[in-house]
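Data block below; observations after.
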Amino acid sequence: MVGNRYWNSLVTPLIGENPITLQILGICSALAVTTTLDTALVMSGAVTCVLALSGASISLIRRRVPRSVRIIVQITIIASLVIVVDQVLKAFAFEISLRLSVFVGLIVTNCIVLGRAEAFAMHNGVLASILDGIGNGLGYSLILVLVGAIREFFGHGSLLGKQILWTTAQGGGFDPLHLMLLPPSAFFIIGGIIWFIRARRPEQVDRSEFQIRDELQEERR
Amino acid sequence: MDENTISEDPIHALLLVLGVAVVCALLVSTSAVTLRPHYAANLEAHRLAQLGSILGALSERGYEVSAQEVESRVVELAGGAYSEKLDPSTFDARTAAVDPGNSIAIPADRDVAHIKRRAKHATVYLARDGSGNVDLLILPVRGSGYQSSLYGFLALEGDASTVVALKFYEQGDTPGMGARIQDPSWEALWPGKQVYDDTGTVRIGVARGKVSPGSVDAEHMVDGISGATRTSRGVHGLLRFWLGDFGFGPYLERVRRGEG
């Protein structure tokens, strides 16, 4: 069924083919913007917009782009969209854009965007490409929001800036985990999420590319 | 699919790339032009909000000045003179500080604020009395705390030595520890402190621990924050830097001579 195919391109990137946890793409920004939930949400929105729009425009001209120049064309389109998104944030979400600093601009280098353009939008129709972009954007957002929520909750005792646990500094009993505000904590959390998903879905576990030789056994032979 | 039928003719490729570039350029420039007024308004509001933090602190000390009454000027730090070329409404010290053309590296032995580079210029804010003499002087200061950069304003009386207020509007140090540089109780220690001693040496700063009440330092120094030694040293260093020869020293000299 045609409708089913569209539905799939929207839903499979959420967990089944999640860009962060399965393909391990877009990790850099996932570390940088997830100290609080609001920056994670805005970044998610920005990436999803860029993915959907770049999918649409690249799919639109896919039959006219010679293979030799396709990467240049894709990067030009993606970079322009990112600049526009950055300008929109600076105009309408100034405070957040100050905190996101360079990371909105760095969406250009986010492998998910170019990856989806190459792997999907160059071979599929406009509608399917938009849905694929939104789906991958949502998959990225899911992880970002999860990590952002965990880090803000344990690092500040708050969610979206609203205090939930009173910290010792404010006279409460919660001692914030300082580690949560440092980039390594995002590694631990993303690692934990990947572990959880792959324990549930063993088909996602990477096949090992090299068999480590057991030298002792070889010698005995 | 029909992907194999795509022309690999170089002329076709060139035209296509040019076409995409033109469309993208139009998109980017249209959005830049349409959104520019919003962005400029946000920047201005941000600058006024930063200034508002010190003006709020001043009104608590009985200095009622509004952001509209404050005169803003760009100072060339090296000579201490006002720059006629740079417009305070568009000069952005933070961008200038990282621009190699508009900033200078601070020699390591002079860099007590630990900021490595500083812009060649800085925006200062002034209020004048009825006869045009400088009544109040607001200087931007920045330095390094325990784990974040500290940004603030130091307000001085017209004598360019008596502190009216020190207010940090941006810092990311540990809440309850270094972040107490924004506590009203600590801010209240600053008014009345003297930047210079009788010989003209910069003596203002943050003590290690408590300042003994009868000592010479009591006139210039405030108590350090216990449990936040690095932040306290950071504030001490940034004051010594920005009030010294490499910071606003030459400018304050001019103000004292009545050339402010």
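Bear in mind that the values in this text are calculations on the coordinates, not laboratory data. Remember, it's a predicted structure, so these values are computed and weren't measured experimentally. Using ideal geometry, Cβ is built from the backbone for each residue, glycine included, and neighbour counts are taken over all protein chains shown.
Taking each full run of DSSP H in chain A as one helix, which ones are at least 24 Å long along their axis (Cα atoms) and have mean Kyte-Doolittle hydropathy of at least 0.0? All intermediate terms of the calculation are to be shown ahead of the outcome.
On the way: long enough: A:37-60 (34 Å, 1.62); A:70-92 (33 Å, 1.81); A:126-156 (42 Å, 1.26); A:183-200 (26 Å, 1.10).
Counting only whole DSSP H runs, the qualifying helices are A:37-60, A:70-92, A:126-156, A:183-200.
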What distance in nm lies between label points placed 7 Å from Cα along the C-beta direction at A:Leu60 and B:Asp245?
6.3
Neighbours of B:Ala49 by Cβ distance under 11 Å: Lys/Arg at +1, Asp/Glu at -1, summed charge -2
Can you show me the helix-derived [θ] at 222 nm for chain A, built from DSSP H runs with n ≥ 4 at -39,500 (n - 2.57) apiece and divided by the number of residues, rounded to the nearest 500.
-19500 deg cm²/dmol
Ranked list, fewest to most other Cβ atoms within 10 Å of each Cβ, for A:Phe174, A:Phe210
A:Phe210, A:Phe174
With unit charges on the beta carbon (Lys/Arg positive, Asp/Glu negative), name the residue among A:Ser185, A:Ser80, A:Ser9 whose Cα is farthest towards the positive pole of the charge dipole of the protein assembly as shown.
A:Ser9
Grab the beta carbon distance between A:Glu203 and B:Arg47, set R0 = 45 Å, and tell me the FRET efficiency rounded to 0.05.
0.25
Over segment B:1-71, the quotient of the Cα radius of gyration and 2.2 N^0.38 Å is 2.35
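Compute the projected area of the convex hull of the Cα atoms of segment B:124-221, averaged over all viewing directions, and report it in nm² to one decimal place.
On the way: hull surface 29.3 nm².
Projected area, direction-averaged: 7.3 nm².
What is the average number of partner chain Cβ atoms found within 10 Å of a Cβ in B:23-35?
Working: counts 5, 10, 2, 1, 6, 7, 1, 1, 8, 3, 1, 3, 8.
Average per residue, whole number: 4.
Take the alpha-carbon positions of chain A, form their convex hull, and give its projected area averaged over all directions (one quarter of the hull surface) in nm². It would help to have the intermediate numbers written out before the result.
Values: hull surface 73.1 nm².
For chain A, the mean projected area of the Cα convex hull comes to 18.3 nm².
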Whole-Å semi-axes of segment A:1-43's equivalent ellipsoid, largest first, each the root of 5 times a Cα gyration tensor eigenvalue?
27, 13, 6
Add -39500 (n - 2.57) for each DSSP H run of 4 or more in chain B, then divide by its residues: what number comes out at 222 nm, to the nearest 500 deg cm²/dmol?
-10500 deg cm²/dmol
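Give the order of A:Phe154, A:Phe188 when sorted by the count of other beta carbons within 10 angstrom, beginning with the fewest. Don't jump to the answer; show the numbers that get you there.
Numbers: A:Phe154 18, A:Phe188 13.
Listing A:Phe154, A:Phe188 from fewest to most nearby Cβ atoms yields A:Phe188, A:Phe154.
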At the level of C-alpha centres, the distance separating segment A:14-70 and segment B:78-107, in angstrom, is 38
Rounded to two decimals, what is the ratio between the C-alpha radius of gyration of chain B and 2.2 N^0.38 Å?
1.30
Report, as an integer, the average count of C-beta atoms from other chains found within 10 Å of each Cβ along A:91-99.
3
If you average the alpha carbon positions of segment B:170-233 and of segment A:78-150, how far apart do those two centres end up, in angstrom?
45
Label-reachable residues, segment A:99-115, where backbone N falls under 14 Å from a point 7 Å from B:Ser148's Cα toward its Cβ
A:99-100
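How much length is gained if the chain between B:Glu71 and B:Ala218 is pulled fully straight, taking 0.36 nm per residue apart and subtracting their Cα-Cα distance, in nm to one decimal? Please list the in-between numbers first.
Details: separation 147, 0.36 × 147 = 52.92 nm, distance 3.24 nm.
49.7 nm is the gain from fully extending B:Glu71 to B:Ala218.
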One quarter of the C-alpha convex hull surface, i.e. the mean projected area of segment B:179-260 in nm², amounts to 6.0
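Dipole size in debye (nearest 20) for chain A around its Cα centre, Lys and Arg Cβ +1, Asp and Glu Cβ -1?
Numbers: 18 positive and 15 negative charges, 145 e Å.
Result for chain A is approximately 700 debye, rounded to the nearest 20.
Tally Lys and Arg at +1 and Asp and Glu at -1 over the other residues with C-beta under 15 Å from the C-beta of B:Gly227: what net charge comes out? Before the final figure, lay out each step's value.
Working: positive: B:Arg180, B:Arg208, B:Lys210, B:Arg230, B:Arg233; negative: A:Asp175, B:Asp173, B:Asp183, B:Asp223.
The answer is +1.
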Say the dipole of chain B comes from +1 at the beta carbon of Lys and Arg and -1 at that of Asp and Glu; which of B:Leu27, B:Tyr169, B:His236 then lies farthest toward its positive end?
B:His236
Computed magnitude of the charge dipole of segment B:116-260 (debye, nearest 20; Cβ of K, R +1, Cβ of D, E -1):
660
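Place a +1 charge on the Cβ of each Lys and Arg in the protein assembly as shown and a -1 charge on the Cβ of each Asp and Glu, then give the dipole magnitude about the Cα centre in debye, rounded to the nearest 20.
Details: 43 positive and 47 negative charges, 168 e Å.
The calculated dipole for the protein assembly as shown is roughly 800 debye.
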Just want the answer: with Cβ charges of +1 for Lys and Arg and -1 for Asp and Glu, which residue in B:Leu150, B:Ala97, B:Ser131 is farthest toward the dipole's positive end in segment B:94-180?
B:Ala97
Whole-Hz ³J(HN,Hα) for each residue in segment B:76-91, computed from phi via Karplus 6.51 cos²θ - 1.76 cosθ + 1.60 with θ = phi - 60°, x for glycine and proline: what do you get?
8, 5, 4, x, x, 8, 6, 8, 8, 7, 9, 8, x, 6, 10, 6
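So what is Rg over Rh here for segment B:33-134, counting just Cα atoms and using Kirkwood for Rh?
On the way: Rg = 15.9 Å, Rh = 15.7 Å.
Result: Rg/Rh = 1.02.
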If a/c stays under 1.5 just call it rounded; otherwise compare a/b with b/c (prolate if a/b is bigger, oblate if not). Do that for the protein assembly as shown, with a ≥ b ≥ c from the square roots of the Cα gyration tensor eigenvalues.
prolate
With Cβ to Cβ distances under 14 Å as the rule, what net charge do the other residues near A:Leu53 carry (K, R +1; D, E -1)?
-1
So for B:Met221, A:Met122, A:Met43, fewest C-beta neighbours within 10 Å to most, what's the order?
A:Met122, B:Met221, A:Met43
